[in-house]
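Enquirer: Please see the structure below; I have some questions.
The values are calculated or read from the model by the stated rules, or taken from the named source; none is laboratory data. Remember, it's a predicted structure, so these values are computed and weren't measured experimentally. Using ideal geometry, Cβ is built from the backbone for each residue, glycine included, and neighbour counts are taken over all protein chains shown.
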């Protein structure tokens, strides 16, 4: 038995126990990537089962934001991994609707899983700017060119 076989057996054993896992959605939003300056025009999502850990912070009181590592199988992140590894700017949404911004990730267990470190965020700016607005909430179309200059006020 090789080390890679041992890693695969460990992953299969952990993911065979549904009590240890939480359903999460890994999201890579559209936009300019932080690492390579490549424009990704569409949002990519991957529904995953994650082993969710907690990190204790030394000191008095609770940390300002919840820091949480997620361990996800690489096979479940295949839609994300085709675009590159998990990176800053991506986020994870858990079953309760909490949003965790990715700040670091590294492959573990022979590249069969990813340990993704996140911080809980309360920002609500995770939407795409290129999605068409509805008629009731149209504050301007950011995807069309105009021939006239708009020198009007910035605020109404």
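Enquirer: Here is a check on your reading of the model: is residue 111 in a loop (DSSP other than H, G, I, E, B), touching a helix residue (DSSP H, G or I) at 6+ places or on another chain (Cβ under 9 Å) and surrounded by fewer than 16 Cβ atoms within 10 Å (Cβ to Cβ)?
Expert: yes
Enquirer: Something else about it: Checking residue 128 against (1) at pLDDT below 80; (2) surrounded by 14 or more Cβ atoms within 10 Å (Cβ to Cβ), only one condition comes out false. Which one?
Expert: (2)
Enquirer: Give me the pairs: first residue in the range 60-84 and more than 25 Å from residue 20 (Cβ to Cβ), second residue part of a loop (DSSP other than H, G, I, E, B) and modelled with pLDDT under 90, beta-carbon distance under 8 Å, and six or more apart or on different chains, which are they?
Expert: Taking only residues 6 or more apart or on different chains, the pairs are 84/33; 84/35; 84/36.
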